[in-house]
Each structure stands twice: as structure tokens, then as C-alpha cells.
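Where a number appears in this text, it was derived from the coordinates with a stated rule and is not lab data. For clarity, every value in this text was computed on a predicted model and none was experimentally measured. Cβ placement follows ideal geometry from the backbone for every residue including glycine, while neighbour counts extend to all protein chains displayed.
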Amino acid sequence: MENSTFKANLDTPLSNLLTTNNGFGNFYNISTGQEIDRVNALALCRGDINPDVCQSCLNDSMVMVRKVCPNSIYVVGWYDYCSLTYSNDTLLGNNEINFVSYGNGSQTTTNVDKFNVALRYFWRSLKHAEAATRAALRKFASGNTTDPDFITIYAIMQCSPDLSKQKN
């Protein structure tokens with residue numbers, strides 16, 4: 001891919017991505033090129049961070065994905081405060097793309113099945129009651145719940161602003 005048209009097309013969106021905020025909060029998208037050499041790029045920052053943290057995260061991610069994946073035409077970079085995706089496939093409005101990140105603490109539950117039920121219900125409530133229905137600018141929700149063993153479960157969830165409630 002070193003001297004390819006796709007690589008040349010990739011340089012343009014990555015250098016201009018942060019100028020493409022169309023009023024959707026910390027959400028950016030840009031496309032350039034034609035057919036197989038087309039580059040579609042999306043970036044989304046967490047809904048609870050300031051714009052300066054968002055821009056710093058995205059600047060760092062643009063450098064990192066190029067180092068880690070120099071010859072890839074489909075890349076997803078997931079970081080603490082932002083995500084960056086580029087591909088020659090359609091990205092806007094694509095509800096087939098899902099990102100899930102898990103973190104675990106030091107506590108354990110004695111009833112995994114009940115824990116999973118509590119977690120599933122909690123995620124569903126965050127998704128439907130808050131993240132998918134919030135204003136298009138953020139579509140971000142956070143909260144906590146308690147499992148049957150009284151362990152607190154914390155979660156954040158964000159839906160991409162380019163998706164309708166039905167697609168989230």
C-alpha cells in the first residue's frame with residue numbers, strides 16, 4: 001500500500017478530519033477518493049469529555065493507527081476517550097459496526113447467571129432509555145447498578161450520532 005492511491009487518499013481525510021464537525025458534538029466524518037480507493041473516516045469522542053481532550057485523543061490516534069496498521073485499508077482504533085475508524089467501505093449509517101470494551105475489577109460474583117441478567121438489563125436500559133434517545137449531539141449515557149451479590153457495576157455507553165434510534 002506504500003505508494004497506492006488509497007494511501008494518498010488516506011492522507012487527506014486524516015489531516016482534515018478534525019475540521020469536519022457538522023454540529024454532532026464530538027463526531028467527525030470525511031470521505032475522499034473513488035470506488036476501491038475511496039477512504040471513509042469516522043471519529044467519535046466520548047460524550048463526557050471536553051473538546052480539547054477529544055482533539056488531543058484524535059490527534060494521537062491518527063498517528064498511532066498509521067504506525068500500528070500502516071498497510072491496512074480497514075482500521076478501528078479504540079482509545080480511552082475516542083475512536084477512529086477508516087475504511088474503503090461505507091461507515092456512515094452502518095449499524096453493523098459494534099465496539100464493546102470490557103474492564104474488570106477485583107471483585108467476583110457468586111452467581112454468574114444472575115450477574116449476567118443484571119448486566120444485560122442494565123445495558124439495555126442505558127441503551128434504550130438514555131444513549132439512543134438522547135439528543136443527537138452526544139447519545140451518551142453512564143450509570144451504575146448493583147448485582148445480586150451487591151457488587152456495583154459501572155458502565156458507559158455511546159451510540160454514534162449518524163444512526164437513528166431504530167438502528168441503535
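For the pair Thr12 and Leu119, what calculated FRET efficiency results from E = 1/(1 + (r/R0)^6), where r is the Cβ-Cβ distance and R0 = 30 Å, to the nearest 0.05?
0.10
List the relative contact order of the stretch 5-87 as a percent without decimals, with contacts defined as Cα pairs under 8 Å and 6+ residues apart.
27 percent
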